[in-house]
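The values are calculated or read from the model by the stated rules, or taken from the named source; none is laboratory data. The structure displayed is predicted, hence computed values, not measured ones. Positions of Cβ are backbone-derived with ideal geometry, glycine not excepted, and every protein chain shown enters the neighbour counts.
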Amino acid sequence: MDHFRFIFADIGATGAFGTPENDTLQKIPLSYQSAPLNDEMEAFDFYLIDGRYRVACACASMLHAMSRGGDMQKVMFGVHDYPGREGYHQLESLGDIVKESERLRVFQVKPSTTEYDIYQNWKKNTWVQK
């Protein structure tokens, strides 16, 4: 791997499983969703979404790839713990599942999906932690 690094988002103090102790801090979801993408000028080939705010993070990742000139026929988005989480299934309106395992679903953005569609979904899920 010639390009790999960890990015830490400031979400304040956390408790068990990384749950923010003060979930009323406005910086929490916005920092969490954008910090890994802010300094990246090129789209990734693969975005792995895990942890908090998964639907919003998936949407932010899709917007990042689109705005950075990613080849949307090749860029993929993996969402961990997808089965059994009904709230995540709204992502199927934006992307097609192209690969799956027991706990992971991998998407590609549908050709008909617009940045506006993704933005509207992101707005609806910005504060949803799961």
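Please specify each residue of the stretch 10-57 satisfying the condition of being buried (at least 18 other Cβ atoms within 10 Å of the Cβ) and among the aliphatic types (A, V, I, L, M).
Those that are buried (at least 18 other Cβ atoms within 10 Å of the Cβ) and among the aliphatic types (A, V, I, L, M): Ile11, Ile28, Leu37, Ala43, Ile49, Val55, Ala56.
Checking Val75 against (1) surrounded by 15 or more Cβ atoms within 10 Å (Cβ to Cβ); (2) closer than 16 Å to Tyr119 by Cα: exactly one of these is not met. Which one?
(2)
Would you confirm whether any residue within the stretch 95-116 is of a type outside the set (Lys, Arg), within 28 Å of Gly12 (Cβ to Cβ) and either modelled with pLDDT under 95 or surrounded by 13 or more Cβ atoms within 10 Å (Cβ to Cβ) (or both)?
Among the residues of the stretch 95-116, not one is of a type outside the set (Lys, Arg), within 28 Å of Gly12 (Cβ to Cβ) and either modelled with pLDDT under 95 or surrounded by 13 or more Cβ atoms within 10 Å (Cβ to Cβ) (or both), which makes the answer no.
Residue under question is Ser61, and the condition is that it be surrounded by fewer than 17 Cβ atoms within 10 Å (Cβ to Cβ), modelled with pLDDT of 95 or more and under 24 Å from Trp127 (Cα atoms); does it hold? It would help to see each step written out before you state the result.
Details: surrounded by fewer than 17 Cβ atoms within 10 Å (Cβ to Cβ): no; modelled with pLDDT of 95 or more: yes; under 24 Å from Trp127 (Cα atoms): yes.
Spelling it out, it is not the case that Ser61 is surrounded by fewer than 17 Cβ atoms within 10 Å (Cβ to Cβ), modelled with pLDDT of 95 or more and under 24 Å from Trp127 (Cα atoms).
Taking helices (runs of 4 or more DSSP H) that fall entirely within the stretch 11-130, which contain at least 1 residues that are under 11 Å from the mean Cα position of the chain (by Cα) and aromatic (Phe, Trp, Tyr)?
27-34, 115-125
Keeping to the stretch 9-40, report how many residues are in contact (Cβ under 8 Å) with a residue 24 or more places away in the chain and more than 24 Å from Leu63 (Cβ to Cβ).
So the count comes out to 1.
Please indicate, with yes or no, whether at least one residue in the stretch 48-70 is among the aromatic types (Phe, Trp, Tyr) and at negative phi.
Among the residues of the stretch 48-70, not one is among the aromatic types (Phe, Trp, Tyr) and at negative phi, which makes the answer no.
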